[in-house]
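Below is one structure, written out as structure tokens; the observations come after it.
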Amino acid sequence: MPRSSKTRTRKSARPGGEKNSELKLRPEAPKGPIEVAGRQLKLSNLDKVLYPREGFTKGQVIEYYARIADVLLPHLRGRPLTLKRYPDGVDAEFFYEKMCPSHRPEWVSTTKIASTGGKRPFVQYCLVEDLPTLIWVANLASLELHTLLSREDDVSCPTTMVFDLDPGPGMNLIDCIAVARRFREMLHSLGLESCPKTSGGKGLHLYVPLNTRVTFDETKHLARAMAQMLEKEDPQRITSKMRKDHRHGRIFVDWSQNDDHKTTVCAYSLRARERPTVSTPVTWDELETAYRRKDSDRLVFTCDDVLKRVEKLGDIFEPVLKLKQKLPRPED
Ligand code: ATP
Ligand code: MN
């Protein structure tokens with residue numbers, strides 16, 4: 001059931017302009033509050049290593065988020081956010097945090113969204129609307145940023161349909177490409193464009209921009225039907241079934257992500273892997289090249305790689321925000 005009840009606390013417009021790339025943080029950064037776009041922020045433990053294998057610190061995490069903000073913020077704005085926090089780094093305990101921490105600065109925007117089955121009748125999510133909020137979230141060691149597929153102003157309307165391609169044991173990112181390609185063709189036959197990104201983990205995410213009136217029932221129904229069609233075509237290598245024991249040697253197409261309460265990692269979010277990899281939008285040409293060369297390393301991007309890509313390519317995931325596409329209706 002789509003949730004309906006929501007109230008929103010949107011804070012006053014930020015007082016200063018945003019110059020994202022200017023924020024440079026080093027371990028010797030000031031101990032007191034710093035000013036980010038007119039907001040006072042107190043950062044902590046900047047020299048704490050959060051990615052031990054690379055000696056990558058919390059200061060560097062915050063610096064990455066500050067520098068990627070121009071392309072990341074449009075994908076976060078208006079979207080209820082789940083934090084995935086790693087206070088002691090990627091090898092230690094982590095937790096998902098849906099409820100926006102109560103010790104937040106008064107200028108952090110939040111949105112209350114009705115929930116069923118939880119302890120409370122609603123979840124008050126953080127909304128990352130601006131650079132200071134993004135830096136505040138990064139300072140909480142929320143390495144990963146996970147967003148709903150809908151925006152808070154209409155939580156029952158997904159702005160995209162998503163296919164989450166998960167390689168089962170014995171399969172890898174290259175195998176995901178073959179499946180993504182088939183989805184692309186099938187979507188084309190329905191007149192729909194799709195945009196791939198790496199998850200920054202093991203698999204691939206395929207986004208179908210919608211930005212039109214649609215329900216989660218509709219996206220989930222179509223995603224499942226398409227996953228089942230591909231499974232029928234190649235049952236030895238593709239599965240649409242949730243059962244884990246069916247995934248060996250197969251790509252699991254998780255169509256169930258198209259749900260009003262499920263999140264997907266946001267484009268340009270860091271991942272809590274050995275290295276600071278990023279969920280990175282990629283072109284179909286890049287996927288084809290990696291597939292031809294059977295070289296999945298080409299599709300592993302760390303935060304430095306991504307900053308360079310974005311300088312050159314800009315946000316190649318922009319169609320996910322802007323492209324309006326309609327799902328075919330049964331009568332079409
Ligand atoms: P990978 O490519 O390694 O599978 P992924 O981000 O796709 O990376 P999945 O485990 O397939 O990871 O999950 C898909 C999405 O579902 C995640 O990006 C995350 O947003 C959400 N998710 C997964 N597990 C949880 C969980 N325990 N609690 C909340 N959200 C989750
Ligand atoms: Mn996945």
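The values are calculated or read from the model by the stated rules, or taken from the named source; none is laboratory data. A quick note: this is a predicted structure, and the numbers were derived from the prediction, not measured. No Cβ is skipped: glycine too gets one built from the backbone with ideal geometry, and neighbour counts run over all protein chains shown. Quick note on the areas: whole protein, heavy atoms, side chains included, nothing else; ligands and nucleic acids left out. Shrake-Rupley method; radii C 1.70, N 1.55, O 1.52, S 1.80 Å.
Arranged from highest to lowest average of other beta-carbon atoms within 10 Å per residue, in what order do the peptides 305-313, 36-44 appear?
Details: 305-313: 14.4, 36-44: 16.9.
Going from most to least packed, we get 36-44, 305-313.
Based on C-alpha coordinates, I'd like the Rg and Dmax of region 196-254, in Å.
That works out to 12.9, 37 Å for Rg and Dmax.
Which entries of Lys58/Lys98; Lys241/Lys324; Lys119/Lys202 show an alpha-carbon separation above 24 angstrom in the structure shown? Display every interim value, and only then the final one.
Working: Lys58/Lys98 21 Å; Lys241/Lys324 30 Å; Lys119/Lys202 33 Å.
Too far apart for the 24 Å limit: Lys241/Lys324; Lys119/Lys202.
If you wrap a convex hull around the alpha carbons of region 157-322, what volume per residue comes out, as a whole number of Å³? Numbers along the way, then the final one.
Values: hull volume 19.6 nm³, N = 166.
Cα-based convex hull of region 157-322, divided per residue, equals 118 Å³.
Please report, to two decimal places, log10 I(q)/I(0) for the chain at q = 0.09, 0.13 Å⁻¹ as given by the Debye formula with identical point scatterers on the Cα atoms and no solvent.
-0.47, -1.01
Across region 22-148, how large is the tail of the calculated P(r) beyond 21 Å, expressed as a percent of all Cα pairs? Mind dumping the intermediate values first?
Details: 3171 of 8001 pairs.
Distances greater than 21 Å cover 40 percent of the Cα pairs.
Using the Kyte-Doolittle scale, which helices in the chain average at least -0.5 and also have C-alpha atoms spread 18 Å or more along the helix axis, with helices defined as whole DSSP H runs? Each step should come with its number before you reach the end.
On the way: long enough: 58-76 (23 Å, 0.30); 173-189 (24 Å, 0.42); 216-233 (25 Å, -0.78).
Length and hydropathy pass: 58-76, 173-189.
What is the chain's relative contact order, in percent, from Cα pairs under 8 angstrom and six or more apart in sequence?
Details: 688 pairs, mean separation 61.1, N = 332.
Relative contact order comes out at 18 percent.
Positive end of the dipole of the chain, charges at C-beta (+1 Lys, Arg; -1 Asp, Glu), about the Cα centre: which of Leu222, Cys303, Leu41 has its Cα farthest in that direction?
Going by the Cα projections, it comes out as Leu41.
Only four residue types carry charge here, +1 at the Cβ of Lys and Arg and -1 at the Cβ of Asp and Glu. Report the dipole size of the chain about the Cα centre in Debye, rounded to the nearest 20.
On the way: 56 positive and 46 negative charges, 129 e Å.
It comes to approximately 620 debye.
Using Cβ-Cβ distances only, list the Cys residues of the chain with no partner cysteine under 4.7 Å, sorted by number.
Cys157, Cys176, Cys195, Cys266, Cys303
Order the peptides 75-82, 93-100 from the highest to the lowest mean number of other Cβ atoms within 10 Å of their residues. Spell out each step's value before the answer.
Working: 75-82: 22.5, 93-100: 15.5.
Most protected by this proxy first, the peptides run 75-82, 93-100.
Give the calculated FRET efficiency between Asp245 and Arg224 to the nearest 0.05, with a Förster radius of 25 Å applied to their Cβ-Cβ distance.
The pair Asp245/Arg224 has a calculated efficiency of 0.80.
Can you say what percent of the DSSP beta bridges in the chain, counting only those with both residues inside, are antiparallel? Round to 5. Show your work: numbers first, answer last.
Details: 46 of 48 bridges.
Antiparallel bridges make up about 95 percent of those DSSP assigns within the chain.
At a probe size of 1.4 Å, how large is the accessible area of His221, to the nearest 10 Å²?
120 Å²
For the chain, what is the mean residue ellipticity at 222 nm derived from helices alone (per DSSP H run of n ≥ 4: -39500 (n - 2.57); sum divided by total residues; nearest 500 deg cm²/dmol)? Please report the intermediate quantities before stating the final value.
Values: 7 runs with 89 residues, N = 332.
The helix-only estimate for the chain comes to -8500 deg cm²/dmol at 222 nm.
Relative to the Cα centre, what is the charge dipole magnitude of region 22-148, using +1 at the beta carbon of each Lys and Arg, -1 at the beta carbon of each Asp and Glu, and rounding to the nearest 20 debye? Could the numbers behind the result be given before it?
Values: 18 positive and 15 negative charges, 83 e Å.
Roughly 400 debye for region 22-148.
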